[in-house]
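Here's the structure, in structure tokens; my notes come after.
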Amino acid sequence: MVSAMDSTITKRQHPPLRRSRPNCRPRPAWKSGFLCLLLLMAGGSSLVPAQTPQAPAPDVQAVYLFDFAKFVRWPAGSEGPLRFCIAGPLAFADALRKIVSEGTIEGHPLEVTRVAQPSETEGCSVLYIDDSEKDHLDAFLAAVDAKPALTVSDLPDFMAHGGMIQFVPLAKRMRFSVNLDPVKRSGLSLSSELLKVAVAVMGNTSGGAP
């Protein structure tokens, strides 16, 4: 028979196991929160508020879109606001406006604009192409090809058409893949920290931003 004292000693000798978490080293405040969030996702943690089942996919994608822009190195001499262009529903644009309200990235003020056709993409810094625009996907991508505009979409064949970042639903969580070839043609570069947490990276990975 095991005495109460023996039971207590046994419990102390075998503390409960703890799940290890990613080590999020100190980084600039505007990067650290998002990067730690992605690292937690990559580790399969359930502690990801933005990924809860109650969060509508467009809201999650809008958060990602804003944060993607923080990991882009824009061409030298870029001035004025960073313009987020939405080829998609008004609800998505409104969700993004709430997120970027009064925010800045690298000192640039932020704007959100809906675009109805490819000819309206001039001056876009980030172009999101909703799946409702799948019939016009190639036209939108051609309009910004080799221009400093980050392209993002949830269309399943987006990267095959020359898109840069594609949302990928994985195990009921929103993840993303990256195609570096159009990124390099645009004159942009993506942080290596962002590439580390992508589901997949296509193209030449050399020369990424720190």
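Quick notes
- Residue-wise HN-Hα couplings along region 104-121, as the Karplus relation 6.51 cos²θ - 1.76 cosθ + 1.60 with θ = phi - 60° gives them from phi, are 9, 10, 6, x, 8, x, 10, 10, 10, 9, 8, 10, 9, 8, x, 5, 8, 8 Hz; Gly and Pro carry x.
- Here, region 55-139 yields an orientationally averaged convex hull projection of 5.8 nm² when only Cα atoms define the hull.
- In terms of packing, defined here as the mean over residues of other Cβ atoms within 10 angstrom, the peptides 156-163, 116-123 line up highest first as 156-163, 116-123.
- Label-point separation, E122 to R185 (7 Å along Cα→Cβ), nm: 2.1
- The share of accessible area on region 156-209 that comes from carbon and sulfur is 56 percent, using a 1.4 angstrom probe.
- Neighbours of V112, meaning other residues whose beta-carbon lies under 15 angstrom from its beta-carbon, give a summed charge of -3 when Lys and Arg score +1 and Asp and Glu score -1.
- Per-pair calculated FRET efficiency, R0 = 22 Å: A57 and L195 via Cβ, rounded to 0.05: 0.45
- Cα gyration tensor shape of region 85-210, rounded if a/c is under 1.5, else prolate or oblate by comparing a/b with b/c: rounded
- Charge tally in the Cβ shell below 14 Å around R97, where Lys, Arg are +1 and Asp, Glu are -1, R97 excluded: -1
- Other-chain or far-sequence residues with amide H under 5 Å of C85's (modelled H): T113, S125, V126, L127, Y128
- Residues whose placed amide H lies under 5 Å from that of V168, excluding near-sequence neighbours: R175, F176, S177
The values are calculated or read from the model by the stated rules, or taken from the named source; none is laboratory data. These numbers come from a predicted model, not from an experiment. Glycine gets a Cβ as well: all are built from the backbone with ideal geometry, and neighbour counts include every protein chain shown. Accessible surface areas use protein heavy atoms only, side chains included; no ligands, DNA or RNA. Shrake-Rupley method; radii C 1.70, N 1.55, O 1.52, S 1.80 Å.
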